[in-house]
1. Which members of the stretch 130-168 meet the condition of being in contact with a Pro (Cβ under 9 Å, 6 or more places away or on another chain) and either under 23 Å from Thr87 (Cβ atoms) or assigned to a strand (DSSP E or B) (or both)?
2. Specify the residue that is nearest to Ser62 (Cα to Cα); the eligible residues are those in the stretch 119-133 that are open to solvent by less than 50 Å² (accessible area, probe 1.4 Å) and at pLDDT below 95.
3. Across the stretch 38-63, what is the number of residues that are over 30 Å from Trp76 (Cβ atoms) and open to solvent by 80 Å² or more (accessible area, probe 1.4 Å)?
4. Residues to consider are Pro52, Pro63; find the one that is out of contact with any strand residue (DSSP E or B) (no Cβ under 9 Å at 6 or more places or on another chain) and either under 30 Å from Pro136 (Cβ atoms) or at pLDDT below 85 (or both).
5. Of the residues that sit in the stretch 64-87 and are touching a residue at least 40 places away in the same chain (Cβ under 8 Å) and not in a strand (DSSP E or B), which one is nearest to Val129 (Cα to Cα)?
6. Can you pull out the residues in the stretch 96-116 that are of a type in the set (A, V, I, L, M), closer than 25 Å to Thr53 by Cα and open to solvent by 40 Å² or more (accessible area, probe 1.4 Å)?
7. If we scan the stretch 116-129, do we find a residue that is at positive phi, aliphatic (A, V, I, L, M), more than 9 Å from the chain's Cα centre (by Cα) and in a strand (DSSP E or B)?
8. Could you pull out the residue among Ser83, Ser71 that is over 15 Å from the mean Cα position of the chain (by Cα), open to solvent by less than 70 Å² (accessible area, probe 1.4 Å) and modelled with pLDDT of 95 or more?
Amino acid sequence: SVVGTGPGLNNTASCGSQSVTGLTAGTHTFTLTAQGNGGPVSQTATVTVAPPTSVRGSISASPTTGTEPASTTITWNTANASSVSVTGPGLSSGAAAGSQTVTALAAGTHTFTLTAQGPGGPITRTAIVTVGAAVPNVSGAVSASPTTVTAPGATTITWSTANASSVW
């Protein structure tokens, strides 16, 4: 008599082959035992099943700082992902990899998030962009009144500034 045993295998044919599916990660032993003259005889075959490769991903921003209205390019990629979500101000994508420029970012801290589902997941990665407030340009004005006088004349000088750190 012949008996072949192992996960997903229970066969008594004297020869043949059978596909065994659904093996989990780990080591699996298949045993053939044959009974007959000079027997029994047992032989084994070992199959090692590696765990699935884990989901991986990264996301980055360039540049990571700026002055409003700022723009940045968000770049991301994933591997072994069954689903992907990339979100942030002005950005929404389900692509496994990509690059997108985001414009008109206001002052503040902006977070762009990559979430990928897959073996060993989900994973979440972030890229942060910090945008400073726009600094208004300095301006100034000066005037004289009257602009034409007779000696020994007098005039009034009027001036104003905006956004000045010092005046001299």
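1. Of everything in the stretch 130-168, those that are in contact with a Pro (Cβ under 9 Å, 6 or more places away or on another chain) and either under 23 Å from Thr87 (Cβ atoms) or assigned to a strand (DSSP E or B) (or both) turn out to be Val131, Thr156, Ala162.
2. Looking at residues that are open to solvent by less than 50 Å² (accessible area, probe 1.4 Å) and at pLDDT below 95, I get Gly121.
3. 5
4. Selected residue: Pro52, the only one of Pro52, Pro63 that is out of contact with any strand residue (DSSP E or B) (no Cβ under 9 Å at 6 or more places or on another chain) and either under 30 Å from Pro136 (Cβ atoms) or at pLDDT below 85 (or both).
5. Residue satisfying both the conditions and the ranking: Thr64.
6. Scanning the stretch 96-116 gives Ala96, Ala97.
7. No - not one qualifying residue is present in the stretch 116-129.
8. Selected residue: Ser71, the only one of Ser83, Ser71 that is over 15 Å from the mean Cα position of the chain (by Cα), open to solvent by less than 70 Å² (accessible area, probe 1.4 Å) and modelled with pLDDT of 95 or more.
The values are calculated or read from the model by the stated rules, or taken from the named source; none is laboratory data. Note that the structure is predicted; figures quoted are calculated from it, not measured. So basically every Cβ, Gly included, is an ideal-geometry build from the backbone, and we count neighbours across all protein chains shown. Just so you know, the surface numbers come from the protein's heavy atoms only, side chains and all, with ligands and any DNA or RNA stripped out. Shrake-Rupley method; radii C 1.70, N 1.55, O 1.52, S 1.80 Å.
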